[in-house]
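Novice: Below is one structure. I have some questions about it.
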Amino acid sequence: MTPHRSFTLVLLIAVGLLLAALLCGAMLGSVTIAPQAVCQAMMGRYTPDAPILWTIRFPRVVFSALAGVALAVSGLLLQSVLKNPLADPGIMGISSGAALGAVIVLLVVPVASGVLPLIAFGAGMAAFGAIVVLSWDRQLSPVRLILAGVAVNAMFGGVQAILMTLYSDRLHGVIGWLNGDLSGKSWGQVGLVAAYTLPVLAVVWWLRPLLTLLVLDDEALGDLGIPVRRVRLGVASLAVLLAASVVAQAGLISFVGLIVPHFSRLLVGSNYRRLLPLTMVAGALVVTAADTVARLVAAPIEIPIGTVMAIVGGPVFLGMLGRRKGAVHDSV
């Protein structure tokens with residue numbers, strides 16, 4: 001089978017699984033809705049379940065798909081920029097920075113909630129800058145990056161704990177949000193996250209040929225006339241904006257940006273013409289499926305999706321570290 005046909009088959013399978021996950025997400029919950037009722041509602045026909053679908057289920061599954069795409073592409077961009085397959089918005093401390101910015105808005109200045117994604121982006125970008133500065137030693141070492149990310153995560157977590165102690169009377173909803181919460185999403189929130197993520201995704205799609213070249217070393221990129229530092233900073237900014245826009249609306253959802261690009265790369269290689277579309281579809285699939293599991297595993301109680309992803313993602317991450325053990329020797 002040729003690489004093109006192999007990619008097409010993998011992508012079609014991923015799209016089919018995503019459609020099944022979206023259907024299950026719309027069907028399953030505190031009230032189970034028949035698949036034919038879901039299809040009728042999508043075609044605009046009225047059924048007794050149509051109000052539930054259009055006000056609760058459909059916004060939630062669309063939001064989860066958008067969040068999955070944004071987080072997966074964010075992780076993919078960071079891995080390309082840093083040349084580190086273990087890079088991820090959560091591990092790198094970017095999500096913690098964005099979360100801290102959002103917590104400051106929610107607890108200290110709630111009147112600024114309208115610009116929460118922008119504040120989350122600024123805080124996430126500051127976290128990324130701090131991590132790069134702390135880990136730079138003539139070049140970016142994967143071990144230094146992970147250690148710096150752990151340190152930044154710890155620092156931001158401490159500041160969050162102080163704020164939550166000082167403003168304990170305003171914690172309603174914040175604790176669940178910090179664990180990742182997709183419940184109660186409205187079409188307005190879907191539109192807001194789409195307004196931030198879709199333009200960025202369009203730019204990333206346009207940059208696919210350039211992003212493929214980032215696997216080359218900096219000298220080779222310079223010989224091609226590419227302004228390496230500006231390109232890496234610009235691509236990292238796109239990654240931070242994607243992660244921060246999701247964190248601002250849904251809280252912390254870990255490991256999506258780590259797991260999805262890794263397995264997508266194993267399936268189709270590093271060419272962004274194949275890697276990017278598969279990563280987008282797989283990201284939507286993983287988050288949509290995880291959200292459905294979060295609703296069902298302890299029904300009628302909902303488990304935060306961030307908790308589900310942490311339980312699943314932790315062992316996968318350890319497995320990835322085990323595969324790389326002995327293959328990469330980094331000096332700290």
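Novice: Per-residue counts of other Cβ atoms within 10 Å, averaged by peptide: what ranking do you get for 152-164, 239-251, highest first?
Specialist: With the highest mean Cβ count within 10 Å placed first, the list reads 239-251, 152-164.
Novice: For the stretch 66-183, what is the per residue volume of the convex hull drawn over the alpha-carbon atoms, in cubic angstrom?
Specialist: Per residue, the Cα convex hull of the stretch 66-183 comes to 102 Å³.
Novice: If you don't mind, another one. Quick one: net charge of Phe255's neighbours, Cβ under 15 Å, K/R +1, D/E -1?
Specialist: Local net charge: -2.
Novice: Here's something else I'd like to know. Report the calculated FRET efficiency for Val297 and Ser168 (r = Cβ-Cβ distance, R0 = 35 Å), to the nearest 0.05.
Specialist: 0.75
Novice: For every helix of n ≥ 4 consecutive DSSP H residues, a contribution of -39,500 (n - 2.57) applies; sum these over the chain, divide by its total residues, and give [θ] at 222 nm rounded to the nearest 500 deg cm²/dmol.
Specialist: Roughly -23500 deg cm²/dmol at 222 nm, from the helical runs in the chain.
Novice: Okay, moving on. Putting +1 on Lys and Arg Cβ atoms and -1 on Asp and Glu Cβ atoms, find which of Thr292, Leu66, Ala20 reaches farthest to the positive end of the dipole of the chain.
Specialist: Projecting each Cα onto the dipole axis, the largest value belongs to Ala20.
Novice: Moving to a separate point now. Using a 1.4 Å probe on the protein chains only, how many percent of the accessible area of the chain belongs to carbon and sulfur?
Specialist: 69
Novice: What does the highest-first list of 308-315, 117-124 look like by mean Cβ count within 10 Å?
Specialist: With the highest mean Cβ count within 10 Å placed first, the list reads 117-124, 308-315.
Novice: Net charge near Pro59, counting Lys/Arg +1 and Asp/Glu -1 over other residues with Cβ under 13 Å of its Cβ?
Specialist: Once all neighbours under 13 Å are counted, the net charge is +2.
Novice: I'd like the chymotrypsin sites (Phe, Trp or Tyr not before Pro) in the stretch 1-101 restricted to DSSP loop residues with at most 11 other Cβ atoms within 10 Å, sorted by number.
Specialist: Of the chymotrypsin sites (Phe, Trp or Tyr not before Pro), the ones in loops of the stretch 1-101 whose Cβ has at most 11 other Cβ atoms within 10 Å are Tyr46.
Novice: With the alpha-carbon atoms as the only input, what is the per residue convex hull volume for the chain in Å³?
Specialist: Cα convex hull per residue, to the nearest whole number: 149 Å³.
Novice: Using a 7 Å offset from the Cα along the Cα-to-Cβ direction at both Ala202 and Ser186, what is the distance between the two label points in nm, to one decimal?
Specialist: It is 2.6 nm.
Novice: For the stretch 1-143, would you read off the P(r) tail past 27 Å as a percentage of all alpha carbon pairs?
Specialist: I get 49 percent for the Cα pairs in the stretch 1-143 exceeding 27 Å.
The values are calculated or read from the model by the stated rules, or taken from the named source; none is laboratory data. Keep in mind that this is a model prediction, so the values were computed, not measured. Here the Cβ is made from the backbone with ideal geometry for all residues, glycine too, and neighbour counts use every protein chain on show. In case anyone asks, the SASA skips ligands and DNA or RNA and just uses the protein heavy atoms, side chains included. Shrake-Rupley method; radii C 1.70, N 1.55, O 1.52, S 1.80 Å.
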